[in-house]
Amino acid sequence: MGGQPVVNETSIMNGLRLIFRGDATESGDFALRDPVSPSDSAAIHGVTGAEIAEIVARLNSAKSTTESSFQWENDAEFSLISLDQVGAFDRFFEDKTFEGQGDNPVTFAVGRPSSEFTAYLLCKFTQNSALLASARARMVLNRMRQTGRDGIGRRSFEGDSLFDVISEGLRATTLRITAVKSRADFETLANSFLFHAAYNTDAAARIGLEAMFRPQAIQRVRRSQNGSLDAPRQTYEADLVHHYLMGVAAEIPLLEYLAYYHIAEHFFEKVFNEDLISQVRSGITDPSFSARRNKDIQSIVKIVTKVKGQIRDEGGVNEQRALQLVLDRFVSVPRLVADLDAYDADLVDYYASSDVPFAGASKVSIRARDEEVVRGAIAKRIYKVRNALVHAKEGELPKYAPFAHDEELAREIPLMRFAAEQIVIAQGKVL
């Protein structure tokens, strides 16, 4: 996120209005039309303007912020994502506190977000217009309203603030770290705690923001309306389909990217060998070629020797060259541009103006006229990103850092996915 968080009194008020029946008063408070009583405590009538201002001031005073964390002088709070589908981490560590020891003790607490972090998540959630149109958003909104009515939530409700109600409804989990003295290594402490927890319990989580608080992952831009989906008119290779399904289902960007890359990789050896055959055939069928001239025969031998040398040196076919051959054969650049534009109108310009720092990959002007040059540049960018994901030698730079570079990697996924889709479709056979 960098810089100041995108949270202010107005965005919080707008979020509250979206969930609850109420509005701002002349004094700056948010008053509920229908007070909520989610527990045995007194009814909650709203949020004071002073509480909202205090929350905004607290968030804006953070020394360091990211999309999923706020760090102050003596404490920090990190959003967590459980790394298993059944939420074992959340259940095992729910509302637990671990007290540190020594001269400078550090306390770790896992549980529902603070009021400040809840306000931040509320703004992220309600500002995501694409998400708000989804069924999942309606479910979350209904859950927050229901928590406000009768306290139904994943925990027994304890709290007397409207932000406590929202926190229960969001079902988010954060890690709060508190130190006696000022520190600048809270993220290191957080990752140390997560390793310690996973090592001892097999319950794993990572620092990050759940999908519902982030800009939407790739949604099928050509998704049909309910009831209007046609029956398929082609069959597709099972191996390619399985890789594609793995990519669509993957929740970790690295796995998603590699699943789509494997679709292109499926054809590397085939297109590389066919390219070699084409080069040899072109040479021996050229009118200037004569089987009686040694130099002509030697020119063909050089082609084969060069390729065999590359295969020997690289332990296989030249993958970047093979990737470009696959793209040349199966991928239409205009269609790729159309898919990218339909998904995100700014993405093609992003590729043209931005490299990939963690991979050392260069910019790509996908709208350039020469399609062969464009596909060559795309192949270089994709291949360097792939190498950064699968190689992690110590001291090797640039290289991919798990989770830390996920936001950058996520912007590379549409390019790889839409290219992979064309490759799958090109193999289709009419029913």
So, first residue in contact (Cβ under 8 Å) with a residue 24 or more places away in the chain and open to solvent by 90 Å² or more (accessible area, probe 1.4 Å) in region 169-186, second residue part of a strand (DSSP E or B) and hydrophobic (A, V, I, L, M, F, W, C), Cβ within less than 7 Å, six or more apart or across chains; the pairs are Arg176/Ala109
Being open to solvent by 40 Å² or more (accessible area, probe 1.4 Å), at negative phi and more than 16 Å from the chain's Cα centre (by Cα) is true for just one of Ser332, Ser354. Which residue is that? Ser332
Output the number of the condition that Pro253 fails; it satisfies all remaining conditions of (1) at pLDDT 65 or above; (2) surrounded by fewer than 12 Cβ atoms within 10 Å (Cβ to Cβ). (2)
Note on region 368-381: residues over 30 Å from Ala401 (Cβ atoms) and either at pLDDT 95 or above or surrounded by fewer than 14 Cβ atoms within 10 Å (Cβ to Cβ) (or both) are Ala368, Arg369, Asp370, Glu372, Val373
Could you grab me the full set of residues in region 176-203 that are closer than 11 Å to Asp75 by Cβ and in contact with a helix residue (DSSP H, G or I) (Cβ under 7 Å, 6 or more places away or on another chain)? Ile177
Would you call Ala342 closer than 15 Å to Ile413 by Cα, aliphatic (A, V, I, L, M), assigned to a helix (DSSP H, G or I) and open to solvent by 10 Å² or more (accessible area, probe 1.4 Å)? yes
Flag for Glu407 being among the acidic types (Asp, Glu), exposed (fewer than 15 other Cβ atoms within 10 Å of the Cβ) and modelled with pLDDT under 90: no
Checked region 350-369 for anything in a loop (DSSP other than H, G, I, E, B) and of a type in the set (Gly, Ala, Ser); matches are Ser354, Ala359, Gly360, Ser362, Ser365, Ala368
Over region 410-431, the set of residues farther than 16 Å from Val348 by Cβ, open to solvent by less than 20 Å² (accessible area, probe 1.4 Å) and charged (D, E, K, R) is Glu421
Could you check how many residues of region 155-186 are part of a helix (DSSP H, G or I) and at pLDDT below 90? 9
Which pairs turn up if I take residues in region 323-346 that are over 24 Å from Glu269 (Cβ atoms) and of a type in the set (Phe, Trp, Tyr) and look for partners that are surrounded by 17 or more Cβ atoms within 10 Å (Cβ to Cβ) and modelled with pLDDT under 90 with beta carbon separation below 9 Å, at least 6 apart in sequence or on another chain? none
Answer residue from region 187-208, given it is in a loop (DSSP other than H, G, I, E, B) and among the aliphatic types (A, V, I, L, M) and is farthest from Glu251 (Cα to Cα) among those: Ala203
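The values are calculated or read from the model by the stated rules, or taken from the named source; none is laboratory data. No experiment lies behind these values; they were computed from the predicted model shown. Virtual Cβ from ideal backbone geometry, glycine too; neighbours counted across all protein chains shown. We work out accessible area using only protein heavy atoms, side chains counted, and drop any ligands, DNA or RNA first. Shrake-Rupley method; radii C 1.70, N 1.55, O 1.52, S 1.80 Å.
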